[in-house]
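One structure is given below, encoded as structure tokens.
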Amino acid sequence: MKLVIVGTGYVGLVTGACFAEFGHSVTCIDKDEKRLEILKSGKCPFFEPGMDELLDKHINKTKLISFKSNIKNNLENSDIIFITVGTPIKRLEEETDLSAVWQVAEEIADNIKKYCLVVTKSTVPVGTTREIKKIILGKVDQKLFDIVSNPEFLREGSAINDFIRPDRVIIGTENKKSENIMKELYRPLFLKETPIVATSIETSEIIKYASNSFLATKIAFINEVADLCEVVGADVQQVAHAMGIDKRIGSKFLNAGPGFGGSCFPKDVKAFASTAKKKNIDLSIINAVNKSNQDRIIKISDKIISNIENKSTICFLGLSFKPNTDDVRDSTSMKIASKLFEKGFNIQCYDPEAMNNAKKENSNLVFFNSAYDACEGASAIIIGTEWNEFRALNFKKISKILKEKIIFDLRNIYTPEDLNELGFKYYGTGK
Ligand code: UDX
């Protein structure tokens, strides 16, 4: 099939590359000329394991992927157009900024030449896909298009695997014709018996928000349990393990830490609650999850500050919002490191991939090229993001370069036993 993907961010580019892997012909559209230059060279503009290889294969070998700077003249023979532009939260109102979506809908309406599907893959509040239909109907006959909701469930750092081996594919349509075209698109997964859930458009849009909000709720829940474990001397990792053995609960997304970050969970819980509020529905649990997660940054920062005597140098390891990504959007590590800087600490940082993005976020942080260099002269180490390379640090070597042997293991990579015998004062999360 011939696909057009509008927006080459974390979602659009992975979607385009993986559909090319399925054998479809893909035209990726992005207004950012600099980004297009990087893409045409076969490079991925962000760190995502496997993307450079996949792009190189489908740009240079199969030639199934091409890049264009605008929609004009690129729709005439497309079967399906995916909207994968950013849908960030508006800073003040805590609601979704859909301006990029409306802009793309207008451009699509101006350029549809033959029957095609217009698919929202960006995470959009319930009702958005139907609004897109209204915009296009203003200029295009209903016979020439159908709208579809097809939300993504890609995790940064494992996005290709999540696309190629999804737990399920959600397809929201208005009719059997568009449902069948989408099933043809996902035929390689259909043949592997991946569950394909065909439903209405609004149901599909809700499934996305409800799924992300529930995962965020699991995280906020175990984080609050961790706070109680700390004061009663229980171990939250053992609590989570024992809970997860119950198949009704499941072990995933029960790792206690500094809270959830990234470009999805924080914005999705806010958008879900604000969309519901407009319909006079109070998602009180989701509101509580959002508040609990926001308050956690202060709680963790205060815990660190109250356990370090003087305003001195701190070694902060891991700045990305999670491992295996260079993304620092809504990163709890960045928020905590910045808060400690504001409180007068000198912050020496290292992250395997995210330092360029971190520098743009906060140039007051001091950046080093290794975990050990960042430890030099520090009064404490904070592990903010659980990169694999932090899982076997040489603490004997670190002992010699630290001023004081204190460690705040926000992600519970180590155990108190591991480090107490080396003379460290160990602070985990929930134990
Ligand atoms: C998430 C959803 O998982 C994905 O399905 C959706 O499409 C996009 O949003 P992502 O934001 O890339 O993916 O990362 P994820 O792995 O879900 O982690 C989100 C945040 O939760 C991170 O800050 C992570 O550190 C935190 N987290 C995750 C925990 O604190 N504990 C956990 O057990 C799991």
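When you scan the stretch 186-209, do you find a residue that is under 23 Å from the mean Cα position of the chain (by Cα), within 16 Å of the ligand (Cβ to nearest atom), surrounded by fewer than 18 Cβ atoms within 10 Å (Cβ to Cβ) and assigned to a helix (DSSP H, G or I), even just one?
no
Would you be able to tell me the number of residues in the stretch 210-246 that are surrounded by 20 or more Cβ atoms within 10 Å (Cβ to Cβ) and either in contact with a Pro (Cβ under 6 Å, 6 or more places away or on another chain) or farther than 22 Å from residue 410 by Cα (or both)?
Adding up the residues that qualify gives 2.
Which of the residues spanning the stretch 388-405 are touching a residue at least 12 places away in the same chain (Cβ under 8 Å), out of contact with any helix residue (DSSP H, G or I) (no Cβ under 9 Å at 6 or more places or on another chain) and not in a helix (DSSP H, G or I)?
391, 403, 404
I need every pair where a residue in the stretch 141-160 that is without any contact (Cβ under 8 Å) to a residue 40 or more places away in the chain has its Cβ under 7 Å from the Cβ of a residue that is away from the ligand (no atom under 13 Å from the Cβ) and among the acidic types (Asp, Glu), sequence separation at least 6 or different chains.
Between residues of the stretch 141-160 that are without any contact (Cβ under 8 Å) to a residue 40 or more places away in the chain and residues that are away from the ligand (no atom under 13 Å from the Cβ) and among the acidic types (Asp, Glu), the close pairs are 146/174.
Pick out the one residue from 2, 90, 72, 40 that is modelled with pLDDT of 95 or more and of a type in the set (Lys, Arg).
Result of the check over 2, 90, 72, 40: 2.
When the residues of the stretch 67-76 are filtered to those that are more than 10 Å from residue 4 (Cβ to Cβ) and out of contact with any helix residue (DSSP H, G or I) (no Cβ under 7 Å at 6 or more places or on another chain), which remaining residue is surrounded by the fewest Cβ atoms within 10 Å (Cβ to Cβ)?
Filtering the stretch 67-76 for residues that are more than 10 Å from residue 4 (Cβ to Cβ) and out of contact with any helix residue (DSSP H, G or I) (no Cβ under 7 Å at 6 or more places or on another chain), the one surrounded by the fewest Cβ atoms within 10 Å (Cβ to Cβ) comes out as 73.
Any chance the stretch 303-317 includes a residue that's under 23 Å from the mean Cα position of the chain (by Cα), among the aromatic types (Phe, Trp, Tyr) and within 12 Å of the ligand (Cβ to nearest atom)?
Checked against the condition, which is being under 23 Å from the mean Cα position of the chain (by Cα), among the aromatic types (Phe, Trp, Tyr) and within 12 Å of the ligand (Cβ to nearest atom), the stretch 303-317 yields no hits at all.
Would you be able to say whether some residue in the stretch 267-278 is within 25 Å of residue 367 (Cβ to Cβ) and either within 16 Å of the chain's Cα centre (by Cα) or of a type in the set (Ser, Thr, Tyr) (or both)?
no
Look through 388, 369 and report the one residue that is within 16 Å of the ligand (Cβ to nearest atom) and among the polar types (S, T, N, Q).
Testing whether each residue is within 16 Å of the ligand (Cβ to nearest atom) and among the polar types (S, T, N, Q) leaves just 388.
Quick check, is residue 12 under 26 Å from residue 166 (Cα atoms) and surrounded by fewer than 19 Cβ atoms within 10 Å (Cβ to Cβ)?
For residue 12, the condition - under 26 Å from residue 166 (Cα atoms) and surrounded by fewer than 19 Cβ atoms within 10 Å (Cβ to Cβ) - is not met.
When you go through 21, 95 one by one, which is the residue that is surrounded by 17 or more Cβ atoms within 10 Å (Cβ to Cβ) and under 20 Å from the mean Cα position of the chain (by Cα)?
95
Quick one: in the stretch 111-129, of everything that is under 16 Å from residue 153 (Cα atoms) and not in a loop (DSSP other than H, G, I, E, B), which residue is farthest from the ligand (Cβ to nearest atom)?
Result: 119.
Take the stretch 293-320 and flag every residue that is crowded, with 19+ Cβ neighbours inside 10 Å and part of a helix (DSSP H, G or I).
293, 296, 300, 301, 304
Scan the stretch 18-52 residue by residue and report those that are in contact (Cβ under 8 Å) with a residue 60 or more places away in the chain and under 21 Å from residue 322 (Cβ atoms).
Across the stretch 18-52, the qualifying residues are 18, 46, 47, 48, 49, 50, 51.
Here's a check for you: in the stretch 147-185, which residue that is among the small types (Gly, Ala, Ser) and over 24 Å from residue 261 (Cα atoms) is nearest to the ligand (Cβ to nearest atom)?
Step by step, filter the stretch 147-185, then rank; the result is 149.
Of all residues in the stretch 242-265, how many are aliphatic (A, V, I, L, M) and either within 9 Å of the ligand (Cβ to nearest atom) or within 12 Å of residue 221 (Cβ to Cβ) (or both)? Before you say what the answer is, go through the steps one by one.
Of the stretch 242-265, the ones aliphatic (A, V, I, L, M) are 242-243, 245, 249, 254, 256.
From the residues that got through so far, the ones that are either within 9 Å of the ligand (Cβ to nearest atom) or within 12 Å of residue 221 (Cβ to Cβ) (or both) too are 243, 249, 254, 256.
Selection size over the stretch 242-265: 4.
The values are calculated or read from the model by the stated rules, or taken from the named source; none is laboratory data. Keep in mind that this is a model prediction, so the values were computed, not measured. Note that each Cβ is placed from the backbone with ideal geometry, even for glycine, and that neighbours are counted across all protein chains shown.
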